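Visitor: Have a look at this one before I ask anything.
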Amino acid sequence: MLEKWHGRQLGAVFGGVVVLLLCVCNLDSDGVAATGQGQAFALSVAQGANFRSLNQWRNRAVEKATMHGQSTSMVPDTMTLATGSAFVLAAFLAVRQAGNSRIARRAGGIREPQSHTYERKWWSIKEDRDPTTLPLWQRDVAYGYKYLRGTMIYGRRKQIQTFWDVRVLKSKKDGCLIEMLNSGLLAWCPVNQEGPQRLTVGDIVKMECVACPTLRVNHEQSSGRHSWLKPKKMRPDLAVFSHWNYITYCRNKDKAEELKAGDIIECTVFKQIGRGLLMELPGEPPKAHGMLAMMDISRLKSSTDYVAKMFPKGTKMKCYVIHSCAKTARITLGTKEFEDDDHMGWMLSFPERVMKDAEHGAKAYEEKRKAYIEWLQK
């Protein structure tokens, strides 16, 4: 730092002092022919006048000397001398600065250490302690939420589910307080997401994060526009986890390994959602679930209100297994495969008649699909 100061600030100060000394010396040594003019120059310098005022006094002295018939060759050109000195000094400093610049030093093979970079030990020391053993104020909460949110976004993009190991810390009436074992973050599990049985303190289970807090939701007022996002029984300042989703995932994975595309199974309407009907598959509780989308119910388009009226909760239906994936634990169902060309839309008006002859309709559908694929491959 001292070298840089000497090369820049000290050089500029030194140059300014030199220019002022030159001006003062010129004024003191040269003088003018007339006495009144010398007094004027001395008065202006004593009062700290700038170069513009000095130039004005010089012009007046020249005019007076000319009017009285005196020679003006002895009047000094102070502004010219000062400007020339300043230009010479500025050029000298610019050449010196260019010679000592970073580009010139690097061109000469000089690699000096930078003053603004230094080693921070907590950057290079690996943290191998268990985060759950650290006090809360030492846990990296910001990084934990960032990693959790990034994992949720990646899973949503890739259509996969991520489950975390958590430990139950407290069990309350409306849920339980948990902590993540990988980061030590505190989270919340509602009572309806704990599973068929209540969790006890000390249990280590797998859960899926279904909601991650954001600054907008946390700072939202209770009477705000999005107040419905903050139920009273839910902790918006903590991430919300579900153990029931993990139980359903395991059950669906086992069921997906048993089923294959083309099977006809007996299902029950479990819940109506925006995309269609969530079907409950046969088996021991907790039972697996499959998805019957709106576009897979019938060949004709229908509305969600009409589907909810025709297929209320608890309705038993025969479903055709369109796809079964053991990796993602997803089972896709359909009923439009039971309709033929002469009975399009009957699944919405006469579902019992269509499902009565479901095997025959599914066989005709598979034969027609096979013929169509062969025609495309010609």
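Computed from the coordinates by the stated procedures, all read-outs in this text should not be read as laboratory data. The structure displayed is predicted, hence computed values, not measured ones. We place every Cβ from the backbone using ideal geometry, glycine too, and count neighbours over all the protein chains shown.
Visitor: Would you grab the residues whose amide H sits under 5 Å from the one on residue 211? Only those 5+ places off in sequence or on another chain, please, with H modelled 1.01 Å from N.
Guide: 240
Visitor: While we're here: Taking amide H positions as placed 1.01 Å from N in the peptide plane, with prolines and chain starts having none, which residues 5 or more places from residue 185, or on another chain, fall under 5 Å of its amide H?
Guide: 180
Visitor: Search the structure for amide H atoms under 5 Å from the amide H of residue 265, placed 1.01 Å from N in the peptide plane, and list their residues when 5 or more places away or on another chain.
Guide: Residues meeting the amide H criterion: 319, 321.
Visitor: In Å, what is the Rg of the alpha-carbon atoms in the stretch 231-378, and how long is Dmax?
Guide: 17.4, 63
Visitor: Within the stretch 184-198, list the residues whose amide N lies under 19 Å from a label point set 7 Å along Cα→Cβ of residue 167.
Guide: Output list for this probe position: 184-189.
Visitor: Of the listed peptides 128-134, 336-342, 185-191, 281-287, what is their order by residue-averaged count of other C-beta atoms within 10 Å, with the highest listed first?
Guide: 185-191, 336-342, 281-287, 128-134
Visitor: Show me 139-147, 176-184 ranked by packing, highest mean number of other Cβ atoms within 10 Å first.
Guide: Packing order, densest peptide first, comes out as 176-184, 139-147.
Visitor: Could you sort out which of 146/327; 327/368; 172/271; 336/356 sit more than 19 Å apart by Cα distance in this structure? Intermediate results must be reported in sequence, preceding the final value.
Guide: On the way: 146/327 27 Å; 327/368 30 Å; 172/271 28 Å; 336/356 14 Å.
Violating the 19 Å limit, Cα to Cα: 146/327; 327/368; 172/271.
Visitor: Another question, then. Sum up the charges of everything whose Cβ sits under 15 Å from the Cβ of residue 318, counting Lys and Arg as +1 and Asp and Glu as -1, but leave residue 318 out.
Guide: Once all neighbours under 15 Å are counted, the net charge is -4.
Visitor: Ranked highest first by average number of other Cβ atoms within 10 Å, how do 240-253, 313-326 line up?
Guide: Order by mean packing, descending: 240-253, 313-326.
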